[in-house]
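Here is the structure we will look at.
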Amino acid sequence: MQEENVNLVANIPETPQKKEQTALDKIKNYFSASRLAFLGVFTAVAFALYFLEIPLMAWTPLSFLKLDFSNVFVLVTGFALGPIAAVVVCVIKEILHALILSQTVGVGELANILLTLPYVLIPAIIYKKHKGIKPVLISLLIASVAQVIVSVPVNWFLNFPFFLNLYAGTPWKEGMAFYQQYWYFAVLFNLLKTVILSAVTLVIYKPLSKLIKRTNAKFNEIKNKKQAKL
């Protein structure tokens, strides 16, 4: 009889309040003090790197396309803290850019998010399950190809027609036709961009990962001391 009662208790479904509390606990555990600190630092650095721009395609009709290094720290965040953290940094830095610097009413930033997410999520997800330089290189290669593929519809249907309409008054269809005329330069730009950002990330990630591990250990030590006092 007692065993039946135990089984009945075990089979009672979780109430909505309990599920909500469990979800809140998971969110609190994920966004720990150390993680929030790194998210803040990486977002600030990523936003600051927006100001460092290089006109990669100055020799082409698409001279307005420029490389910035903000996504390096989005990638670093993905490797160090996971895919969710990478998405948070990506979105917040674009929101900050839209609020402070944007001249595109947020459309340019929206396009950047669409282009960045596949590029940072693929390596972050793969690295979470498979550590080592080989998985990193393979994931970055896949991510670079994925971003180039995604860039075609985003540039064709959104970026090029919007920017040409905004700055030159070009009708939307003519903007799309302009992209069709020079699409190969845009694809080359995105390919060069992903290769350069991937190379820079590989150079700086190892030193940063050591710093992150030490800082996490320090935060955990402080947290454990506080819990011991309680």
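Given a Förster distance of 22 Å, report the FRET efficiency between Ala199 and Glu53 from their Cβ-Cβ distance, rounded to the nearest 0.05. So the FRET efficiency works out to roughly 0.80.
To one decimal place, what orientation-averaged projected area in nm² is obtained for the convex hull of the Cα set of segment 31-216? Numbers along the way, then the final one.
Numbers: hull surface 41.4 nm².
About 10.3 nm², averaged over all directions.
The label-point distance for Gln103 and Lys66, in a model that sets each label 7 Å from Cα toward Cβ, rounds to 0.9 nm.
Charge dipole (Cα centre; +1 on Lys/Arg Cβ, -1 on Asp/Glu Cβ; no other charges) of segment 59-151 amounts to roughly 400 debye.
Each peptide in 69-77, 161-169, 85-93 gets a packing score, the mean of other Cβ atoms within 10 Å over its residues, and the list from highest to lowest is 69-77, 85-93, 161-169.
How do Arg35, Arg214 rank when sorted from fewest to most other Cβ atoms within 10 Å of their own Cβ? Please list the in-between numbers first.
Working: Arg35 20, Arg214 10.
In order of increasing Cβ crowding within 10 Å: Arg214, Arg35.
FYI, it's all coordinate maths here, none of it is from the lab. Just so it is clear, the model here is predicted, and its values are computed rather than measured. All Cβ positions, even for glycine, are placed from backbone atoms using ideal geometry, and neighbour counts span all protein chains on display.
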